[in-house]
1. Which of the residues belonging to the range 145-203 are closer than 29 Å to Leu100 by Cβ and among the polar types (S, T, N, Q)?
2. Are there any helices (runs of 4 or more DSSP H) wholly within the range 69-164 with 2 or more residues that are closer than 21 Å to Leu217 by Cα and open to solvent by 60 Å² or more (accessible area, probe 1.4 Å), and if so which?
3. Could you figure out which of (1) touching a residue at least 60 places away in the same chain (Cβ under 8 Å); (2) under 30 Å from Thr4 (Cα atoms); (3) loosely packed, with under 15 Cβ neighbours inside 10 Å; (4) not β-branched (Val, Ile, Thr) isn't true of Asp50?
4. Look at the range 197-221 and say how many of its residues are under 19 Å from Gln84 (Cβ atoms) and either aromatic (Phe, Trp, Tyr) or open to solvent by 10 Å² or more (accessible area, probe 1.4 Å) (or both).
5. State the number of residues belonging to the range 179-193 that are hydroxyl-bearing (Ser, Thr, Tyr) and either open to solvent by 70 Å² or more (accessible area, probe 1.4 Å) or part of a helix (DSSP H, G or I) (or both).
6. Taking the condition of being at pLDDT below 95 and closer than 20 Å to Glu130 by Cα, how many residues in the range 149-179 meet it?
7. Which residue out of Ile201, Ile144, Ile118 is hydrophobic (A, V, I, L, M, F, W, C) and closer than 17 Å to Phe229 by Cα?
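The values are calculated or read from the model by the stated rules, or taken from the named source; none is laboratory data. Because the structure is predicted, anything quoted here is derived from the model rather than measured. Using ideal geometry, Cβ is built from the backbone for each residue, glycine included, and neighbour counts are taken over all protein chains shown. All accessible areas refer to the heavy atoms of the entire protein, side chains included, with ligands and DNA or RNA removed. Shrake-Rupley method; radii C 1.70, N 1.55, O 1.52, S 1.80 Å.
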Amino acid sequence: MFDTTKTVREYALEIPAATRIFEKLGIDYCCGGGKSLADACAQAGLAVEDVLGSLETNSRSDETFADEDWQTSSQAELIAHIVQKHHVFTREELERLDALLAKVCGVHGQNHPELFHIQDQFGKLRAELEPHMLKEERVLFPYIVQMEEATLANQPLPPPPFGTVRNPVRVMTAEHEAAGYILGRMREASSDYTVPADGCISYKTLYSALAALEVDLHQHIHLENNILFPRAAELEDMSCSER
């Protein structure tokens, strides 16, 4: 089970606690989940033996984690979870943090010009994510649910309006990577969200909330890239093979 050549994605899917471990260690398990664990550890400057030890310890732990095993849920259930938990949270935080960033930049920007770079990157993130989530909710997600319903009813799949489900999946995955890049630039500019000595309560609240948004987006993207999208492609492949 514990093999350094296995991908980060495979560990994230097999061990419920793995995503928390990867998050803590700074290992990308959503967009960068296709890397082997050895390569991911080398990129993060970590000893692969230590990471394997953490994974093994947590896989044997009796600790109960709140995350459901979404690999065994229906596609409709997973989509509902993504929309109700992650999309709602993301929209609310993007709006709230936009205003909070403006406030903190106004007070501390002169002494901390990096805040303006973070504000610029945050604007790009919001411009990326808001239409992205809308496209998922209005186009891709409803079609995936239709695919699942047709499969369960032993009916042919509805004709996709985009040729193949892989086309919008490819676009959504590329947009996930773009969002991940922006998140990385924000974390870099903030020195891993380290609040300076003269930071006020609003400054601390901003950095804490940006870090929390990043964690939630990582989990959000993981559910789509590593579970929802591959299963949608499998449904389409199964239907084609049965024709």
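1. Within the range 145-203, Ser190, Ser191, Thr194, Ser202 meet the criteria.
2. Qualifying helices (runs of 4 or more DSSP H): 88-108, 114-135.
3. With respect to (1) touching a residue at least 60 places away in the same chain (Cβ under 8 Å); (2) under 30 Å from Thr4 (Cα atoms); (3) loosely packed, with under 15 Cβ neighbours inside 10 Å; (4) not β-branched (Val, Ile, Thr), Asp50 is out only on (1).
4. Looking only at that region, the number is 5.
5. Initially, the range 179-193 is screened for residues hydroxyl-bearing (Ser, Thr, Tyr), giving 181, 190-191, 193.
Within this subset, residues satisfying the condition of being either open to solvent by 70 Å² or more (accessible area, probe 1.4 Å) or part of a helix (DSSP H, G or I) (or both) are 181, 191.
Selection size over the range 179-193: 2.
6. The qualifying residues number 0.
7. Working: Ile201 fails: closer than 17 Å to Phe229 by Cα; Ile118 fails: closer than 17 Å to Phe229 by Cα.
Answer to the selection: Ile144.
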